[in-house]
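Structure first, then comments.
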Amino acid sequence: MKTTTKNITTLLSASAIVFASSSAMAQDLAITVTNLTQGLHFTPVITAAHASDNHIFMVGTAATPELQAMAEGGDISGLSSMLSNADANVNENPTSGLLAPGMSTSYTLTNDATNTHLSMTTMVLPSNDGFVGLDSWKIPTEAGTYTIMLNAYDAGTEANNEVVNGGGAPGVLGIPAAPGGDAGSNGTGVTDTESNTMIHIHRGNLGDDMSDGGQSDLNNSIHRWLNPVAKLTVTIQ
């Protein structure tokens with residue numbers, strides 16, 4: 001899994017995206033992502049600088065296949081390719097793996113002057129299709145350090161059954177893993193349908209207190225969350 005930066009026209013249609021490349025003077029952004037949760041891991045982070053009218057996701061719209069692959073299985077390769085092909089400035093997977101609860105990762109993103117907006121995303125584990133997201137934040141022109149608190153979103157592509165079964169491929173119901181090794185087993189499933197199939201604020205995991213059986217494989221004292229779930233710090237020289 002990896003991380004990338006780019007200009008994204010509306011990722012609402014999973015196909016063609018046209019981005020303007022730029023040969024203007026580059027700008028370095030020093031970025032830190034902090035996992036604010038007590039028991040959730042983040043999959044490889046992807047960050048991109050892009051034009052103002054482009055998005056990697058938009059609340060209230062259907063997820064693209066590329067976003068779905070990231071939100072359900074942590075696979076950022078589709079977003080990375082999409083961004084690279086669109087000439088975006090991208091940083092991929094700065095942690096070289098998972099970002100554990102309470103931990104931070106810092107990296108530099110070099111972007112063209114015409115790439116005026118910043119987006120970032122990463123999957124929340126364990127969850128069915130939950131992800132942390134920053135959608136098209138305008139990069140300040142004034143030097144300084146800026147802090148953005150980030151929410152967790154539901155991609156709307158999979159029912160939140162909260163069953164850890166090694167799933168993660170698009171269209172395969174289930175949670176890939178609970179990296180903390182603190183999930184239960186043999187849950188019957190919280191639900192197998194969702195009424196909202198658009199990208200929206202995630203309700204959070206429900207969980208239960210049964211290590212074997214019950215509805216959920218997730219622990220209600222470890223895997224639940226309230227927003228915000230992450231902090232993004234951007235320093236502009």
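Only the coordinates and a few stated rules stand behind these numbers; no lab work does. These figures come from a predicted structure and were not determined experimentally. FYI the Cβ positions are ideal-geometry reconstructions off the backbone, even for glycines, and counts take in every protein chain you see.
Observations
- Taking the square roots of five times each eigenvalue of the Cα gyration tensor of the stretch 97-154, the equivalent ellipsoid has semi-axes of 25, 14, 11 Å, listed largest first.
- Kirkwood hydrodynamic radius (C-alpha pairs) into Stokes-Einstein, the stretch 169-209, 10 °C and 1.306 mPa s, D in µm²/s: 125 µm²/s
- Most mobile listed residue (GLY187, GLY207, GLY166) in the chain, GNM with C-alpha springs under 10 Å: GLY166
- Over the Cα atoms of the chain, the radius of gyration divided by the Kirkwood radius equals 0.98; this is the Rg/Rh ratio.
- Applying a DSSP loop filter and a limit of 12 other Cβ atoms within 10 Å to the GluC sites (Glu not before Pro) in the stretch 65-153 leaves GLU142.
- Environment charge at ILE199 (Cβ cut-off 10 Å; Lys +1, Arg +1, Asp -1, Glu -1): -3
- The stretch 179-237: translational diffusion in µm²/s, Stokes-Einstein, Kirkwood Rh over Cα pairs, 37 °C, 0.692 mPa s: 240 µm²/s
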